[in-house]
Amino acid sequence: MSEANENRNKLVELIKQKATLSDVPMLLPANPFFDLAGEEFGRRLLLTNGVNDVEYCLRPEFTLPIAIEFLASKKTCANIGYIGKIFRQRANGPSEFLQAGIEFLGQENRNETLEQMFDFAVSATKVYNIKPQILLGSVEIFESILEQINIAKVWLPRIRHRFGHADAMSRLLERLSDPHGASAGAGGSTGSLPWKEDELISVISDQMIAAGLSLTGSRTPQEIANRYFEKQQLNASTVPSEIIGFLQNYLNINGEANSALEQINILANDFSLDLQAPLNRLLDQIALLKNEQGLEEILFDASFSPALDYYTGIVFELKNNNETLASGGEYNRLLERLGAATQINATGCSLWIDRLEGAENE
Amino acid sequence: MSDIILAVPSKGRLEELSRAIFAEAGMAIERPGGARSYSGNLVGYNNISVQFLPASEIARELVRGSVDIGITGIDLIYETAENAIDNVVLACELGFGQADVVVAIPDAWIDVTNMRDLSDVAADFSNIHGRWLRVATKYVHLTRQFFAQHQIAQYQIVQSVGATEAAPSSGAADLIVDITSTGSTLKANGLRILSDGIILKSEATLIVSKSANWTPAQRMTIAQILDAIGIEQNEDE
């Protein structure tokens with residue numbers, strides 16, 4: 001048996017210790033991926049059309065099909081593992097990768113589950129004699145900051161949506177601090193618009209009806225009027241520069257985990273924000289990574305997050321020489337997004353086996 | 001065997017104007033079989049064969065390298081594949097067939113004037129409606145690139161083959177990305193182009209394939225054509 005096969009068998013054993021191996025088909029309906037992750041992810045799918053005009057894709061990842069199957073099974077909790085090829089479009093043509101991983105779904109104790117997930121990821125790197133770096137991020141700290149800072153509510157979802165898109169976030173923050181950058185005035189060829197809300201709504205409604213648009217199928221007249229008035233107000237008042245500065249400072253925190261969290265603590269105290277609960281959670285996990293897993297390089301980057309808004313808690317990547325070997329985290333919003341009545345705890349991690357094999361130490 | 005394949009649009013004004021360009025350059029294009037025939041020749045150039053093809057097929061064949069040189073719209077090159085533009089050289093814009101690929105929204109969206117507004121609307125949309133903002137278009141690659149430039153990620157493309165401008169009123173999509181020359185079709189459908197919503201200014205262009213593997217003799221023939229049309233060439237192209 002070749003060494004690569006032997007190591008893969010060890011990975012399968014690791015997965016089986018914590019989960020049941022699933023058998024996700026290689027060919028999957030494409031729509032759920034577009035619905036969940038939009039065009040940015042969709043452009044990377046390898047697509048094909050069935051004779052019934054349903055669009056299919058080669059499996060681009062495991063988490064979504066596993067989550068969909070879990071919901072259909074009506075179980076309250078399950079630990080599901082996987083190993084197999086995934087397929088994605090890249091700049092120089094389509095590529096296939098070997099991936100393995102685990103999803104813990106519906107487990108009640110979040111901390112214990114995350115600890116188990118770290119144990120799985122670090123054990124996997126040990127199979128290849130790699131001592132990885134771990135990069136941590138926290139969606140829950142950022143969301144807790146947004147809940148507490150004093151900023152017009154309309155901006156909150158827009159700021160949240162850009163978390164994990166560093167470039168988009170810095171542009172948005174620049175724009176919020178610049179009153180002249182806001183786009184003033186009304187679009188449309190209607191001429192001058194009434195100032196009273198009900199009159200404005202009726203002008204918009206008339207225009208929509210004339211153009212044959214449904215008043216309920218897309219943006220509604222009320223919604224358009226609300227944002228129109230909101231824009232007028234926002235043009236008159238900008239976000240205070242100290243708040244923009246606070247967010248920028250926070251997002252720039254990046255380095256050794258304990259000292260990064262200390263910086264966050266100081267920043268939070270200066271702004272009278274209470275971030276104790278998510279900070280303590282992270283501190284506990286860092287201590288475990290050090291003492292139980294024996295990791296030496298533990299980093300925290302405040303701006304680090306997968307750019308998908310169903311992630312909720314702590315997120316992480318294991319790295320070796322700047323290459324990501326494993327990535328995962330807590331995504332309690334995914335199952336709700338797929339139709340569950342409430343949020344359901346979920347923690348996952350996937351391993352890039354080709355990279356692990358490439359980085360293997362003798 | 002003929003050496004070089006030149007493709008020109010097979011019908012309408014594009015065909016007329018394309019043939020006129022070559023005629024003025026002293027290279028009359030003959031179409032012996034008339035409008036139903038798909039092959040022709042350049043008078044006096046036995047080593048060049050002419051194919052009459054729909055403009056979108058010309059774009060595809062140029063990108064693949066099965067046509068060496070041709071006239072088509074730049075928008076169609078972009079739409080062939082994500083990196084298709086890397087496979088061709090745009091030799092010369094020909095001054096006809098002008099049209100813009102644009103982002104157009106319902107005129108009733110009085111709160112939206114530019115792409116920045118649209119990025120806010122897209123970010124809010126899924127929270128309010130439980131689905132993504134939908135953009136109808138046949139320009140999938142151009143739309144993805146342009147929306148990514150404007151940092152809009154929360155949207156979904158609805159592929160449309162014809163009559164894209166009807167998608168908002170039929171409920172298939174919330175806004176569109178489409179090609180327009182005068183804007184009158186958009187206007188008639190109650191749609192408005194965003195102030196910074198011009199994705200691409202396209203026109204009929206003489207385009208050379210990079211994918212073709214030419215012999216020195218073929219290379220000279222291409223140079224001859226470009227020269228006759230009056231295009232200066234870099235030695236290294």
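Listed here are the residues, each with its yes/no results for (1) buried (at least 21 other Cβ atoms within 10 Å of the Cβ); (2) modelled with pLDDT of 90 or more; (3) not assigned by TED's automatic domain parsing to the domain that holds B:LEU14.
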residue	(1), (2), (3)
B:SER119	yes, yes, yes
B:HIS141	no, yes, yes
B:GLN154	yes, no, yes
B:VAL158	no, yes, yes
B:GLY171	no, yes, yes
B:ASP196	no, yes, yes
Hits in segment B:104-130 (condition: without any contact (Cβ under 8 Å) to a residue 24 or more places away in the chain, farther than 16 Å from A:ALA225 by Cβ and within 8 Å of chain A (Cβ to nearest Cβ)): B:ASN127, B:HIS129
Residue match in segment B:135-142 (condition: in a helix (DSSP H, G or I), more than 8 Å from chain A (Cβ to nearest Cβ), within 17 Å of B:VAL112 (Cβ to Cβ) and within 20 Å of the chain's Cα centre (by Cα)): no
Enumeration of residues in segment A:119-142 that are outside any strand (DSSP E or B) and either outside the structural domain of A:ASN321 (by TED's automatic domain parsing) or in contact with a Phe, Trp or Tyr (Cβ under 6 Å, 6 or more places away or on another chain) (or both): A:VAL139, A:PHE142
Filter pass, B:SER181 being exposed (fewer than 14 other Cβ atoms within 10 Å of the Cβ), away from chain A (no Cβ under 13 Å) and modelled with pLDDT of 90 or more: yes
When residues of segment A:197-220 are limited to those that are among the β-branched types (Val, Ile, Thr) and either closer than 19 Å to B:LYS187 by Cα or part of a helix (DSSP H, G or I) (or both), the one nearest to the other protein chains (Cβ to nearest Cβ): A:ILE204
Qualifying residue in segment A:231-238 (condition: within 14 Å of another protein chain (Cβ to nearest Cβ), surrounded by 16 or more Cβ atoms within 10 Å (Cβ to Cβ) and touching a residue at least 40 places away in the same chain (Cβ under 8 Å)): yes
Residue list for segment A:257-285, restricted to those being more than 25 Å from A:LEU173 (Cβ to Cβ) and more than 21 Å from the chain's Cα centre (by Cα): A:ASN258, A:GLN276, A:ASN280, A:LEU283, A:ASP284
Some residue of segment B:80-90 being in the same structural domain as B:SER181 (by TED's automatic domain parsing) and part of a helix (DSSP H, G or I): no
Positions within segment B:154-175 being at the interface with chain A (Cβ under 7 Å from one of its Cβ atoms), free of Cβ contacts under 8 Å to residues at least 24 places away in the same chain and either more than 23 Å from the chain's Cα centre (by Cα) or assigned to a helix (DSSP H, G or I) (or both), in sequence order: B:SER169, B:GLY171
Scope segment A:30-74; condition outside the structural domain of A:ASN92 (by TED's automatic domain parsing) and small (Gly, Ala, Ser); matching residues: A:ALA30, A:ALA37, A:GLY38, A:GLY42, A:GLY50
Among (1) more than 11 Å from chain A (Cβ to nearest Cβ); (2) part of a strand (DSSP E or B), the one test that B:ASN213 misses: (2)
Failed item in (1) under 26 Å from B:ARG13 (Cβ atoms); (2) of a type outside the set (A, V, I, L, M, F, W, C); (3) modelled with pLDDT of 95 or more, with B:PRO106 passing the rest: (1)
Residues of segment A:10-33 classified as within 14 Å of chain B (Cβ to nearest Cβ) and under 18 Å from A:TYR331 (Cβ atoms), total: 2
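The values are calculated or read from the model by the stated rules, or taken from the named source; none is laboratory data. Computed from a predicted structure; not experimentally measured. So basically every Cβ, Gly included, is an ideal-geometry build from the backbone, and we count neighbours across all protein chains shown.
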